[in-house]
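A short write-up of the structure that comes next.
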Amino acid sequence: MLNIVIFGAPGSGKGTQSERIAARYGLLHISTGEVLREHIARRTKLGIIADSYISKGQLIPDDLMIKVLASVLDNEPAAAQSGVIFDGFPRTIPQAKALKIMMEEHNSKVHAVIGLEVDENCLMQRMLLRGQQEGRADDNEETIKQRLAVYHQQTSPLREYYIAEGKYCGIDANGSIDDIFARIARAIDALPNL
Ligand code: AMP
């Protein structure tokens, strides 16, 4: 059983690589961004609240986001058997601490954090391209700038947090999707006790 967090700036390729990791290692892929976008599309109460933050490039508040993740995990009993790739959660230190407690409650833990490290100037281009190709509402220049600022302020400290926990595996995430995935797979295969 393997639980992985994929971590990186917006546009670093978390979603694309998570799908590949999930397929290769038989993990359940939980993308909190996708969960929220589904709620927005269905115009649920959570979706309406989430949209007001996402459209401004801000994070959903921790207390709400932690409840959302807990409910996703509770509704996925298979997660405990298969293991999970967490894509987009945690995004703050309080979320990381909450995830640790949630995993302990399921007699489990995060085994490794895959950190996708990309040159800053690539990120904007990748997200503008994704906006054109996939029509993601938050992939416009103004919102992207805000998301990058939020990443630097609130999310990037997680790198140090997980280094201190001995779980951080930094991956050079420049280059082709295939090359990046090969680097990730090498790092996962080298984890102890797998
Ligand atoms: P993503 O698809 O991971 O890029 O997420 C899109 C947006 O959803 C983010 O810019 C946030 O506004 C929101 N979001 C996703 N996951 C979280 C989280 N763990 N905490 C707070 N906001 C989140």
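The values are calculated or read from the model by the stated rules, or taken from the named source; none is laboratory data. The shown structure was predicted, so the numbers you read here are calculated from the model rather than taken from an experiment. We place every Cβ from the backbone using ideal geometry, glycine too, and count neighbours over all the protein chains shown. Heads up: the accessible areas ignore ligands, DNA and RNA and are worked out on the full protein's heavy atoms, side chains in. Shrake-Rupley method; radii C 1.70, N 1.55, O 1.52, S 1.80 Å.
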(request) Sum up the charges of everything whose Cβ sits under 9 Å from the Cβ of ALA185, counting Lys and Arg as +1 and Asp and Glu as -1, but leave ALA185 out. (result) +3
(request) Find the centroid of the Cα atoms in the stretch 1-77 and in the stretch 100-148, then give the distance between the two in whole Å. (result) 10 Å
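Based solely on its DSSP helices, what 222 nm [θ] is calculated for the chain when runs of n ≥ 4 H residues each add -39,500 (n - 2.57) and the sum is averaged over all residues, nearest 500 deg cm²/dmol? Numbers along the way, then the final one.
On the way: 10 runs with 109 residues, N = 194.
Computed ellipticity for the chain at 222 nm equals -17000 deg cm²/dmol.
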(message) I'd like to know which of ASN140, ILE163, GLY57 lies farthest towards the positive end of the charge dipole of the chain, counting +1 on Cβ of Lys and Arg and -1 on Cβ of Asp and Glu.
(response) GLY57
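Only Cα pairs under 8 Å and at least 6 apart count here; give the relative contact order of the chain as a rounded whole percent. Walk me through the numbers on the way to the answer.
On the way: 255 pairs, mean separation 63.4, N = 194.
Value for the chain: 33 percent.
So if each residue of separation counts as 0.36 nm, and I subtract the Cα-Cα distance between ALA149 and MET124, what length gain in nm does that give? Intermediate values should be presented prior to the final figure.
On the way: separation 25, 0.36 × 25 = 9.00 nm, distance 1.21 nm.
Full extension from ALA149 to MET124 adds 7.8 nm.
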(message) Can you compute the charge dipole magnitude of the chain about its Cα centre, using +1 on each Lys and Arg Cβ and -1 on each Asp and Glu Cβ, nothing else charged? Give it in debye, rounded to the nearest 20.
(response) 220 debye
(message) On a full-extension model of 0.36 nm per residue, what is the gain between LYS100 and ARG24, subtracting their alpha-carbon distance, rounded to one decimal in nm?
(response) 24.9 nm
(request) Determine the per residue accessible area of the chain with all protein chains present and a 1.4 angstrom probe, expressed in square angstrom. (result) 51 Å²
(request) Specify which residue in the list ALA79, ALA187, GLY15 is farthest towards the positive end of the charge dipole of the chain, using unit charges on the beta carbon of Lys, Arg (+1) and Asp, Glu (-1), about the Cα centre. (result) ALA79
(request) Roll a 1.4 angstrom probe over the protein heavy atoms and tell me the percent of accessible area of the stretch 100-194 that is carbon or sulfur. (result) 48 percent
(request) Using the structure shown, select from LYS100/LYS167; LYS109/LYS167; LYS45/LYS100; LYS14/LYS67; LYS97/LYS167; LYS56/LYS145 the pairs with a Cα to Cα distance greater than 18 angstrom. (result) LYS45/LYS100; LYS14/LYS67
(request) Go through the stretch 136-194 and name the GluC sites (Glu not before Pro) that are in a DSSP coil and have 15 or fewer other Cβ atoms within 10 Å of their Cβ. (result) GLU165
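Using 1/(1 + (r/R0)^6) with R0 = 25 angstrom and r between the beta carbons of ARG43 and ASP74, what's the FRET efficiency to the nearest 0.05? Write out the running numbers ahead of the final one.
Details: r = 23 Å, r/R0 = 0.92.
The pair ARG43/ASP74 has a calculated efficiency of 0.60.
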(request) Take the chain, drop everything but the C-alpha atoms, weight them equally and run the Debye formula without solvent; then report log10 I(q)/I(0) at 0.14, 0.16 Å⁻¹ to two decimals. (result) -0.79, -1.07
